[in-house]
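The values are calculated or read from the model by the stated rules, or taken from the named source; none is laboratory data. No experiment lies behind these values; they were computed from the predicted model shown. For neighbour counting, all protein chains shown are included, and Cβ atoms are generated from backbone atoms with ideal geometry for every residue, glycine included. Note: accessible area is taken over every heavy atom of the protein model, side chains too, but ligands, DNA and RNA are not part of it. Shrake-Rupley method; radii C 1.70, N 1.55, O 1.52, S 1.80 Å.
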Amino acid sequence: MTAALDQIALFHPTSSPDYLPVDQLRQLQLQRLQQIVQHSYDNVPLFRKRMDERSLTPTDIHTLEDMKLLPFTVKTDLRDEYPLGLLAVPMKDVVRLHASSGTTGKPIVVAYNQDDLTTWAEVMTRTFAACGMHAGDVVQNAYGYGLFTGGLGVHYGIESLGATVVPISGGNTTRQVMLMKDFGTTVICCTPSYFLRIIDKANEMGLDLKDFPIRAGIFGAEPWTDSMRKRIEQLTDIKAYDIYGLSEIIGPGVGCQCSAQEGLHIFEDHFYPEIIDPETCQPLPDGTEGELVLTTLSKQAMPMLRYRTRDITTIYNEQCSCGRTIRRIERIGRRSDDMFIIRGVNVFPSQIETALLNVEGTLPHYQIILTKHNDLDQIEVQVEVTAEHFSDTIGSLERLRKKLSAAIAEIIGIRVNLRLVEPHTLQRSEGKAKRVIDNRNEANT
């Protein structure tokens, strides 16, 4: 009840679709689905070809359940159609382009017309309102500006909300801390790993973020666990919110936590979520874990039909205690493609993160090193421990090592080589953290 009252007190008019009666929401979704399928079929040769191969036309979509008839879209489709083969409007109507770095292949390019940008600002406004932000907040935006969608997506949402944006972008951490203090920043937006770097820098400068007016952090753009959220909140006394988005769909603003922090609401009047079995590609019912698939219901310049995100989660259809009727997903802690296999066991970095942060004495900085020795895969986990533990007796450090080793083994089912290191030993991230270093393709040791 308290959470619901908080939401009413912070209600923003743009958030009205979050509270639509479910029947009305489903009717709106079907209307938009039929329109976007027709638009995609008429204007994107790849979508038309795949639907023709299935003897499927837009008029065959009569219900939301008919969504399963549509073909999937995957990341390689965007690379194969580089740069603008999936464009569904004339280029003269495109007002902005974003792109990935292309470090693992051709960049992924996404396009927006003016209506798309209006929608983007709207869902970001709803994101911030759900996180309790309001006019009068001073918001430090440390997501990268440029071709990456994070910086500008967050920027226009803050302005649309009526809050003050500090467009500092990522990096220059000393300056980040200085401006947080001097501008009276009340909310920060960045990756959770970069916020850990900011906490470290503030401590090096003899400052404690608990003495700053900052009260909330809006974190995303990389998988992170609930254990990491709790650790950040303990270190800073702020409320840490998880937001979700991906460039292929729109950028940040696909979903977010609310004050209840019981999953992330998907703005499903614009992005229709499904869960499928990643192996069989068959749809799974709400409440079942699987791969998240998203269809853009209103994006005009570059719509996406049944885009396979590779993110593993669960959809919850029960109404949230905040009062929103739009469905929620479980926090994205892992992706189907970030799993690695060691000695026949499937392991996700988030499992190791959970084990490490549930043991007192560790710091939220770790790295996983994969190597090969005599043709056998090896895994070493390096984790920083507090200065107090590191300067304690060898026996105390050994007890901590055994406790951590047992915690990891309990979750992933195998023993790992564990190395405890001093604070500030591991490299810090100024963007997305690289948790796994896979050296298994290098020469055997």
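Between Asp52 and Asp93, what length in nm is gained on full extension when 0.36 nm per residue of separation is reduced by their alpha carbon distance?
Extra length from Asp52 to Asp93 when fully extended: 12.0 nm.
Using a 1.4 angstrom probe with every protein chain in place, what is the largest-first accessible-area order of Leu179, Leu370?
Final ranking, largest accessible area leading: Leu179, Leu370.
Report the FRET efficiency, 1/(1 + (r/R0)^6), for Arg419 and Leu207, where r is their Cβ-Cβ distance and R0 is 35 Å, rounded to 0.05.
In this case the efficiency is close to 0.70.
Could you go through the stretch 172-184 in sequence order and give the Karplus-derived ³J(HN,Hα) for each residue, using 6.51 cos²θ - 1.76 cosθ + 1.60 with θ = phi - 60°, rounded to whole Hz, and x for Gly and Pro?
Each residue's phi maps through the Karplus curve to give 6, 5, 4, 5, 4, 5, 4, 6, 4, 6, 6, 8, x Hz.
Just to be sure I understand: of the beta bridges DSSP finds with both ends in the stretch 13-337, what percent are antiparallel, rounded to 5?
Working: 29 of 44 bridges.
If I count the DSSP bridges inside the stretch 13-337, around 65 percent turn out antiparallel.
Taking N as the number of residues in the stretch 342-438, what is its alpha-carbon radius of gyration divided by 2.2 N^0.38 Å?
Working: Rg = 13.3 Å, N = 97, 2.2 N^0.38 = 12.5 Å.
Computed over Cα atoms of the stretch 342-438, the ratio equals 1.06.
Which one, Thr325, Ile352, Thr314, is farthest towards the positive end of the dipole of the stretch 310-360 when Lys and Arg carry +1 and Asp and Glu -1 on their Cβ?
Projecting each Cα onto the dipole axis, the largest value belongs to Thr325.
Once amide H atoms are built 1.01 Å from N in the peptide plane, which residues 5 or more positions from Ile342, or in another chain, come under 5 Å H to H?
Val347
Whenever you get a sec, line up Ser350, Ser16 from highest to lowest accessible area (probe 1.4 Å, protein heavy atoms).
Listed by decreasing accessible area, they come as Ser16, Ser350.
Can you compute the charge dipole magnitude of the stretch 291-332 about its Cα centre, using +1 on each Lys and Arg Cβ and -1 on each Asp and Glu Cβ, nothing else charged? Give it in debye, rounded to the nearest 20. It would help to have the intermediate numbers written out before the result.
Values: 8 positive and 4 negative charges, 26 e Å.
Dipole of the stretch 291-332, to the nearest 20 debye: 120 debye.
For Asp137, which sequence-distant residues (separation of 5 or more, or a different chain) have an amide H within less than 5 Å of its own amide H, given hydrogens modelled in the peptide plane?
Amide H neighbours of Asp137: Thr164.
Which entries of Lys68/Lys432; Lys106/Lys201; Lys181/Lys230; Lys75/Lys299; Lys210/Lys299 show an alpha-carbon separation above 29 angstrom in the structure shown? Working shown, then result.
Numbers: Lys68/Lys432 33 Å; Lys106/Lys201 35 Å; Lys181/Lys230 23 Å; Lys75/Lys299 17 Å; Lys210/Lys299 41 Å.
Result: Lys68/Lys432; Lys106/Lys201; Lys210/Lys299 exceed 29 Å.
About the Cα centre of the stretch 330-384, how large is the charge dipole given +1 on each Lys and Arg Cβ and -1 on each Asp and Glu Cβ? Please answer in debye to the nearest 20.
Approximately 140 debye in magnitude.
Where nothing but the Cβ of Lys and Arg (+1) and of Asp and Glu (-1) is charged, how large is the charge dipole of the chain around its Cα centre, in debye to the nearest 20?
Once rounded to the nearest 20, the dipole reads 600 debye.
Just to be sure I follow: if Rg is taken over the C-alpha atoms of the chain and Rh is the Kirkwood radius over the same atoms, what is Rg/Rh? Intermediate values should be presented prior to the final figure.
Values: Rg = 22.6 Å, Rh = 23.2 Å.
On the Cα set of the chain, Rg over Rh gives 0.98.
Using R₀ = 22 Å, calculate the FRET efficiency as 1/(1 + (r/R₀)^6) where r is the Cβ-Cβ separation of Arg343 and Leu397; round to 0.05.
E(calc), rounded to 0.05, equals 0.25.
Using a 1.4 Å probe and ignoring any ligands, DNA or RNA, find the accessible area of His389 and quote it in Å² to the nearest 10.
Around 50 Å² of this residue is reachable by solvent.
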